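What follows is a set of notes on a single structure, which appears directly below.
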Amino acid sequence: MDKQRLILVVLTVLPLAAACGTDKAGSGSVGAEKPVTGVHWTVDSVTVAGKTHKAPEGANVEMKDGKAAGNYGCNHFNAKVTTAEDGTLRLSHATTTRMACEKPVMTFERTLADTLVGGALKTAVTDDHLTLTTASGDTVRLTESPEAAESTG
């Protein structure tokens with residue numbers, strides 16, 4: 001009977017101990033968080049001052065090796081990416097192509113560009129979704145895409 005209790009205790013405690021071993025300090029979650037860099041992200045929407053703007057097809061970004069490249073919806077862009085110790089990231093020194101596009105797309109591009117390079121962005125990854133949040137609460141919502149990095153221009 002004692003041997004059965006010992007086995008029961010081990011089988012109950014062992015999975016809990018293993019889960020605790022993968023907890024990132026201060027993360028509040030179990031398991032490793034999915035990376036933000038090295039992933040091709042499709043832009044879903046931008047919410048600024050409480051108004052959500054749906055992204056045009058083709059809007060995307062990929063960040064790796066201290067650089068970001070992507071498409072605002074019509075025009076391609078490149079920027080420098082820096083990551084702070086608190087986990088926020090910042091896009092700066094952005095350059096973009098200057099193609100003329102339909103007015104709704106151009107309006108979205110300006111909104112997205114201003115949000116991405118406007119300051120520090122807090123990152124939150126849930127499954128295959130990334131949310132970038134500004135200090136004022138504006139957000140960019142993205143979804144991981146299997147598209148190749150070459151498509152970001």
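Sort the stretch 104-144 into rounded, prolate or oblate with this rule: let a ≥ b ≥ c be the square roots of the eigenvalues of the Cα gyration tensor; rounded if a/c is under 1.5, and if a/c is not under 1.5, prolate when a/b is larger than b/c, oblate otherwise. Walk me through the intermediate numbers first.
Numbers: a/c = 2.90, a/b = 1.35, b/c = 2.15.
The shape class here is oblate.
Take the Cα of K80, step 7 Å along the line toward its Cβ, and report every residue of the stretch 104-137 whose backbone nitrogen sits under 18 Å from that point.
116-121
Order the peptides 96-108, 67-79 from the highest to the lowest mean number of other Cβ atoms within 10 Å of their residues. Mind dumping the intermediate values first?
On the way: 96-108: 13.3, 67-79: 20.5.
Order by mean packing, descending: 67-79, 96-108.
Heavy-atom accessible area per residue, the stretch 55-100, 1.4 Å probe: how many Å²?
58
Checking the a/c ratio against 1.5 first, then a/b against b/c, what shape does the Cα gyration tensor give for the stretch 47-100?
Details: a/c = 2.24, a/b = 1.26, b/c = 1.79.
Oblate, since a/c reaches 1.5 and b/c is not below a/b.
Provide the gained length on full extension for the span K64 to S145, in nm with one decimal, where the gain is 0.36 nm per separating residue minus the Cα-Cα distance. Before the final figure, lay out each step's value.
Numbers: separation 81, 0.36 × 81 = 29.16 nm, distance 1.52 nm.
So the extension gain works out to 27.6 nm.
At S92 and D128, where each label point lies 7 Å from the Cα along Cα→Cβ, what is the point-to-point distance in nanometres?
With each label point 7 Å from Cα toward Cβ, the separation is 3.4 nm.
Would you mind putting 87-94, 39-46, 137-144 in packing order, based on average other-beta-carbon counts within 10 Å, highest first?
Details: 87-94: 15.6, 39-46: 20.8, 137-144: 18.2.
Result, highest mean first: 39-46, 137-144, 87-94.
Can you compute the equivalent ellipsoid semi-axes for the stretch 32-153, i.e. the square root of 5 times each eigenvalue of the Cα gyration tensor, sorted largest first and rounded to whole Å? All intermediate terms of the calculation are to be shown ahead of the outcome.
Values: eigenvalues 79, 53, 40 Å².
Values for the stretch 32-153, descending: 20, 16, 14 Å.
The values are calculated or read from the model by the stated rules, or taken from the named source; none is laboratory data. No experiment lies behind these values; they were computed from the predicted model shown. No Cβ is skipped: glycine too gets one built from the backbone with ideal geometry, and neighbour counts run over all protein chains shown. Ligands, DNA and RNA are stripped out before the accessible areas are found, and what is left, the full protein with its side chains, is counted by its heavy atoms. Shrake-Rupley method; radii C 1.70, N 1.55, O 1.52, S 1.80 Å.
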